[in-house]
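The block underneath contains the structure these notes are about, expressed in C-alpha cells.
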Amino acid sequence: MTHDHDLVLRPTAAQTEAALSPPPGRTGGDLVVETLAGLGATTVFGLPGQHALGVFDALRRSTLRYIGLRVENNAGFAADGYGRITGEAAPLLLSTGPGALTSLAALQEAAAASAPVLAIGSQVPTAGLGGGRRGYLHELPDQAASFRGVVKSVHTVRAPSQIPSAIEAAWKSALTVPHGPVWVEIPQDVLAAPTSIPVVTGGDAFPNELPPRPELTAVAAHLLSSAARPAIIAGGGVVRSDASGKLRRLAEVLKAPVVTTPGGKGAFPWTHPLSLQSWMEDRHTTEFLEDADVLLVVGSGLGELSSNYHTFRPRGRIVQIEADLGKLEANHPALGIHADARLALQALLETVEEREDESAPDRVRDLLALVADRIAAQELTLEQEVLASVRKALPADSPSFWDMTILAYWAWSAFDAKGPNHMHSAQGAGGLGYAFPAALGAAVADPTRPVLAVSGDGGALYSVAELATARQHGLDVTWLIVDDGGYGILREYMTDAYGEATATDLTRPDFTTLSESFGVPAVRTTPDNLEADLTKALSTPGPSVVVLPAVLRMFAPTHLS
C-alpha cells in the first residue's frame, strides 16, 4: 500500500544535472533571493546596509523588482501596503541594528492589522552572536529579542543550507491566518559566503488553513436562525479573508443589520438596506448592538475602537469568529469559533435557516437618522464637505491610505470605502507616518489605478523623504496633506482634558515648494476647490501632492458620558 506521505517527486535528468553543476559566483544572498522567487515573490522593499550587502548584491542576479525607500520604517509601511493589496507576503530587506530596529513601528502596525510582511534582516558575523560583545558595528546582545514581542514568528539562520527552509517557514507563517509580519535574520558572513548549494527552484508556498469546528458552527447557526434581533459586527478579518460576499449573503438570509469596524471598512455595502455603516464611535449604534439578542462578531476582537472605547455592554448572546486565538473572548464572553472568517461564514451559510423580518431595514434607517441628527447638531459642515469632496474625487475602485489625523478619524465612521480592501489606515497600532509610504507600496502592487494617501502636516513630516521614492519609481500616488499647523487631534485632546495644549504646534515647511523640489507637482487648495484639484491630481499619472490648509474638528465623542 502506498500512502500520500510516501510519495516523492523525482527530479528530471535536467534538474539533476543543474543541481550537480550550479552556476559559479553564488553566495548565501543568492539563496535568499532564489527562495523568495521560488515562493512566488516578484517585488521586494528595503534599504541596504553594510551587513546586508550580500543579499543586495544577489538582487542583481535575480528577477525580483527592488523598491528602495529612504527610511526603514517607511519601507516597512510600503511592504505593509503591498501585502494588504495583494494578500501576498511582502519581502522587506533590512540591515543590522539601527536599520532593523527602525522598522519596528511599521512591523507593529502590520501585526495589529494582520498584514503579511516577510522581514529579512542581516546580523553581525556569526562570531559575534550569542551576546559575546565582540564590538562589531551595529552589534546587539540579542537582536531577535526586539522583534519577538512584535512579529508572529522569528526564524534564525546560522548556515547557508538553512536559508531556503527558514525563509519558506517564515513565508508560510506570514500567510497563515491570522496574517502578520515575521522576522528572519541571517549573519553577514552567511550572506556573503560562497555556496555550492543547488539553485533554489521552488518551495511550498501554501499556508495552513484554519477551518471552524463543525460542532461550534452548528450551535452558532441555531442561535442565529432562532434569534429575534440578530446583528453583525464585521471586522478586518472579513476583508483579509476575502469573505465580504459570504458576509452579505449571510446577512440577507438572517435579515441581520451589519456594522463594519474601522478595519472592516468596505466589508459590507455602504448603502445596503441592512447596512449600519461604520458609526462604531456613536452611542446610538452601541445601544443598537447591545439590544441584539444574538450578535455575530466576525474578524474582530472587539477592541477599543470597535467597542466605543470599551463602553459596549451586550445584553444578548455573542458568537465570535476570530482567527487570532488571543483575541477570542478577550473582551466579552462568547461562543468562540477559532477560524478563518471565509471558511466559518461558508459553514454558517450551509447550516442557517432563513429568517423573516420585515422590520430590520426600518430599524437600520431609524438608527442612521439618529446618527445624522447627532452630527448635524454639532455644526461640522466643513469637515463633512471636505470628506465628501475626497469621496467624489477618488475613483470608486481606487484604494486609499489614511494616517492618524482628524480627517481619517472622520473617515473611519463616515467614509464609504466603495468595496472591500479599498480603505486602509494605521488604526491598528496608531503610529504616525503610515499613509504615504503604504500608498506607495499599494501603487507598486497595482499600477493600473491611482492611489490616495491622506495625512496631516505632523504625519506628513514623517514621510517627506519618500517623495524621492515616489519620483524615482514614478508611482501613481496622490498625497493629500491637511495642514493645520500641528498635531491637530492631540491639540483637541489636550485642550478638552487640561484646558490648554502643549507641544502640539509645529513649524512646518511650505509643502508645495518642498514637493516640487523633489520633482513632484503640487497644488495648494481650498475646501471649495478640493474636489476639482484632487480629481485632477488623481487623473494625472505619477506622484502628486495636494495641500489643504484647514483646521478640522472632531465630532463629539459619546463614550465619555
Per-residue ellipticity at 222 nm attributable to helices in the chain (runs of n ≥ 4 DSSP H, -39500 (n - 2.57) apiece, nearest 500 deg cm²/dmol) works out to -11000 deg cm²/dmol
Solvent-accessible ranking of 280, 404, largest area first, probe 1.4 Å: 404, 280
With just the Cα atoms defining each centre, how far is segment 300-326 from segment 398-426? Give it in Å. 21 Å
Cα atoms only: what Rg and Dmax, in Å, come out for segment 278-355? 12.7, 35
What's the carbon and sulfur percent of the chain's accessible surface, probe 1.4 angstrom, rounded to a whole number? 53 percent
Past 22 Å, Cα to Cα, is the threshold; run 265/392; 392/418; 327/418; 152/246; 392/536; 172/418 against it and keep the listed order. 327/418; 152/246; 172/418
Quotient of Cα radius of gyration and Kirkwood radius for segment 434-561, i.e. Rg/Rh, equals 1.02
Keeping every protein chain in place, order 366, 291 by accessible area at 1.4 Å, biggest value first, i.e. largest first. 366, 291
To the nearest Å², the heavy-atom accessible area per residue of the chain with 1.4 Å probe amounts to 40 Å²
For segment 240-292, what does the alpha-carbon gyration tensor say about shape, rounded, prolate or oblate, given a ≥ b ≥ c as the root eigenvalues, a/c under 1.5 as rounded, and a/b over b/c as prolate? oblate
Heavy-atom accessible area order for 351, 27, 201, largest first, 1.4 Å probe: 201, 351, 27
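The values are calculated or read from the model by the stated rules, or taken from the named source; none is laboratory data. In this text the structure is predicted, and so the values were computed from the model without any measurement. Remember, those area values only see protein heavy atoms, side chains included, never the ligands or the DNA or RNA. Shrake-Rupley method; radii C 1.70, N 1.55, O 1.52, S 1.80 Å.
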